[in-house]
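To start, the structure itself, in structure tokens.
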Amino acid sequence: MNSQRRDSTINKPMIAGILMIIVFLMAIIGAGDLIYLILIFGVILLFGALCAIKLVYWPVAVIASVLGMFLGTFAIGPYYLASILSLAAFLLLIMSGGKFTPVSKSSEHFVDAGGFGRRQGG
């Protein structure tokens, strides 16, 4: 029973990341004249989605989901559907904030990947 409960909490950030990717695609399709602005904010949104899926940098994922609400105003779809999807991603991220790796540990993970940043010798 514990494994089922843990798996459902881990799935919340993944669902939030997928929702943010969908918002990005909807914003790109409906961008129109503001394509450069949408692309700049979209890259941040995609980085936040990646952070949510990998369970690292929780503040970045939350800020990206809020940015997705802004991008949702330029997206295709009825009644600001993309903004509603970003709001759902935001709520999922807020509910699952404790499952993310702390920022100090996750930054060490990225720095030490591939042996970079390690001390040689002793």
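The values are calculated or read from the model by the stated rules, or taken from the named source; none is laboratory data. Computed from a predicted structure; not experimentally measured. Positions of Cβ are backbone-derived with ideal geometry, glycine not excepted, and every protein chain shown enters the neighbour counts.
Using the structure shown, decide if residue 23 is in a helix (DSSP H, G or I), crowded, with 23+ Cβ neighbours inside 10 Å and among the β-branched types (Val, Ile, Thr).
Here the answer is yes, as residue 23 does meet what is asked.
Return a yes/no flag: does the range 101-122 have any residue that is surrounded by 20 or more Cβ atoms within 10 Å (Cβ to Cβ), modelled with pLDDT under 90 and on the phi < 0 side of the Ramachandran plot.
Looking through the range 101-122, none of the residues is surrounded by 20 or more Cβ atoms within 10 Å (Cβ to Cβ), modelled with pLDDT under 90 and on the phi < 0 side of the Ramachandran plot.
Are there any pairs, at least 6 apart or on different chains, whose C-beta atoms fall under 8 Å, with the first in the range 30-42 and farther than 14 Å from residue 20 by Cα and the second surrounded by 13 or more Cβ atoms within 10 Å (Cβ to Cβ) and of a type outside the set (A, V, I, L, M, F, W, C), and if so, which?
Qualifying pairs under 8 Å: 30/77.
Inspect the range 54-71 for any residue being within 13 Å of residue 25 (Cα to Cα), part of a helix (DSSP H, G or I) and in contact with a helix residue (DSSP H, G or I) (Cβ under 6 Å, 6 or more places away or on another chain) and give the result as yes or no.
Taking the range 54-71 first, the residues within 13 Å of residue 25 (Cα to Cα) are 68, 71.
After this cut, where a residue has to be part of a helix (DSSP H, G or I) as well, the list is 68, 71.
The next check asks that each one be in contact with a helix residue (DSSP H, G or I) (Cβ under 6 Å, 6 or more places away or on another chain); those that pass are 68, 71.
For the range 54-71, residues within 13 Å of residue 25 (Cα to Cα), part of a helix (DSSP H, G or I) and in contact with a helix residue (DSSP H, G or I) (Cβ under 6 Å, 6 or more places away or on another chain): present.
Determine which single condition residue 72 fails, assuming it passes every other condition in (1) under 16 Å from residue 18 (Cβ atoms); (2) modelled with pLDDT of 85 or more; (3) of a type in the set (Gly, Ala, Ser).
If we test residue 72 against (1) under 16 Å from residue 18 (Cβ atoms); (2) modelled with pLDDT of 85 or more; (3) of a type in the set (Gly, Ala, Ser), just (2) comes out false.
In the range 50-100, what residues are of a type in the set (S, T, N, Q) and loosely packed, with under 15 Cβ neighbours inside 10 Å? Can you show your working first?
So the first thing to find is which residues in the range 50-100 are of a type in the set (S, T, N, Q), and the list is 65, 73, 83, 86, 96.
Within the range 50-100, 73 is the sole residue that qualifies.
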